[in-house]
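Here is the structure we will look at, set down as structure tokens.
Read-outs throughout are calculated quantities, based only on the coordinates presented, and are distinct from any laboratory measurement. Remember, it's a predicted structure, so these values are computed and weren't measured experimentally. Don't worry about glycine lacking a Cβ; one is built from the backbone with ideal geometry, like all the others, and counts go over all protein chains shown.
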């Protein structure tokens, strides 16, 4: 190969000017290319995130619908099973109670009447009883069919469904069965139905009930639409409709809007349906013009279908402001490009003048400059285009071309790996169930958060980015800004900091998080990485466990103390009684001994009265009686109840407790229960198993405590009132006893269930009433009892008793 130094010496001026022109052209090319790339990046950043957000919103709605359908199906199966099990339990209880005292036909009728009164979740649900020979014993929806033999009844798909039910009951005793059956009042149309049946062995009856899938779906659809309406009320823009064009949300709910057109002529609903049928997609259009003076705006929507329901769901967003922002970015980039081109042109002109001046000296330093060029190419360039070495005629340039191509290969490989790593990180970042936030250490604001963080606090990403962590903290001691600063400094020292913190949602609702904070290098900069986990339920459970452990420990201590006190207490009571009896002139056995000792018992009794000795003895007896009552309460607190439970409702027990309290009059406190206003707010509760005597004791104790508290309230303008409420759900029966008395201070509220703790004066209470009540509810019945109170606003006790025990 020829040496380029020799050839360049002959045409150095031409090469210099050519290089200047080529350099200027390449620079301009790269500036224009950079402008195009930045423009594309700006468009992707502004518009791409909107599309992704719309799609994610719709996918979340689809996931919620699928979850709701599955949950409704599971809940329905559990509900019909529980109904049959409850009915079977009622029938068995009645049978066992009256089988020896009542005629069989009369007992059967009693069981049928009781089961016919059961309440069901849906209007089209009903209970039926079939004997093993096919005779219909009970049908709560069609009583006129009772007594008929329905063994040969067939479904619309020719199944002898009643024979299948009897066979299932004979083989397994109970179980689920799916079939087609018409709804009540619509005998011509079959619907999918799932029933649960159970054999009642005493009379060989098959008890059954079921739910229609169509009814469950309708109920689930109503729940989904209510949630979407609630989301729309909070500022979202979701829509839902049928594939036939009927709107399910908003002011057009129930109307067919298949012909609705946008202001730019697009049949919006028809486009939605077409996109949904094809698997989902985006639609851009202008909002319909309501009137001539109404300003339309450009919208983007993403829609998808809901399989099985023939629904179209979607989300909207106004993109007109985003397009304005994009146009401003384009103008800014164009102005920057023009400025750069002007600067480069000026530099080229200046460089041309300098080149002409130094052209004579260029040859001498050319060899050294080649070495500089070689080092420069080793560092790489931003271009991704390789040099074609087949067109290189000179040794020096060929070496540099090989180095440049190797550099490009290495850089592109590294860029590909970096891109894969970034995608993996982003997927993990948003998929984790823990909330993750990245904080700028200098500015102390969040620079990035994942989706779980947004769900935790009910925020949009635009609200959380740039937000200070103080805005989500309750800042209450000991978790205040001072403690937060200590944790922050510890994390900056390189230590991983683990701590719990009380935070709040955007709505102000508080919850607890378990946090891990440490410094990490992200994007070449040091950032504080914070991982948060919601532990609100765990802290509630810990609080309950601590209370239960404390009560169990104190219960054991109370039992030991009671047994130890009983023996000396008995001796004191017995000795006191004997002193009174053996100094009494009315006891005949005392007289001979007194005469023998020359003692006049009447004078002795008179002396003892005047010196107060008899009063002292009576005081000893009263104190002993009171101590005995305390010991008895301690033993009741520590002893597991052996009373048997029976089935019943809670309202009669409350009425019994009120009747007992109505006859109560406290001479020391000088209160009469009859002067207190009683408000009954009863919601009929279900039958469940509990020990009536113990629950009556708890309710009477709470009512008497409330009455005593009301007497302490001296306000002449307030009517002393006790309100008693009952309510229930599928798991618990709840009783609330609330008064409008002076309330309980917060420092006392934490200790009211502890034995011997009392806010009453000496000699007024034992301090065991509420602790015994707590033990009865939690240990004997597996329930809970809590107290809520604010000074001056009254007190409310809430009892929750499990239905299935």
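Values for this structure:
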{"quantity": "Förster radius 30 Å - calculated FRET efficiency between residue 252 and residue 282 (Cβ-Cβ, nearest 0.05)", "calculated": "0.85"}
{"quantity": "Cα pair count fraction exceeding 17 Å, expressed as % - region 41-141", "calculated": "69"}
{"quantity": "Gain in span if fully extended, residue 465 to residue 233, counting 0.36 nm per residue against the direct Cα distance", "calculated": "81.1 nm"}
{"quantity": "Gain on full stretching of the segment that runs from residue 131 to residue 618 - 0.36 nm per residue minus C-alpha separation", "calculated": "168.2 nm"}
{"quantity": "Square roots of five times the Cα gyration tensor eigenvalues for region 432-534, Å", "calculated": "19, 17, 12"}
{"quantity": "Two-site FRET efficiency, residue 607 against residue 628, from Cβ-Cβ distance with R₀ of 41 Å, rounded to 0.05", "calculated": "0.85"}
{"quantity": "Rounded to whole Å, sorted largest first: equivalent-ellipsoid semi-axes of region 134-281, Cα gyration tensor", "calculated": "47, 16, 14"}
{"quantity": "Hypothetical label at residue 574: residues of region 602-627 whose amide nitrogen lies under 19 Å (7 Å Cα-Cβ projection)", "calculated": "620-627"}
{"quantity": "Residues residue 594 and residue 736, FRET efficiency given R0 of 60 Å [Cβ-Cβ distance, rounded to 0.05]", "calculated": "0.40"}
{"quantity": "Measure of compaction for region 119-217 (Cα Rg per 2.2 N^0.38 Å)", "calculated": "1.01"}
{"quantity": "Against the rule of thumb 2.2 N^0.38 Å, how large the Cα Rg of region 237-318 comes out", "calculated": "1.04"}
{"quantity": "Simple spin-label estimate for residue 243 and residue 646 in nanometres, 7 Å along Cα-Cβ", "calculated": "6.0"}
{"quantity": "Contour minus Cα-Cα distance for residue 204 and residue 482 (0.36 nm per residue)", "calculated": "92.7 nm"}
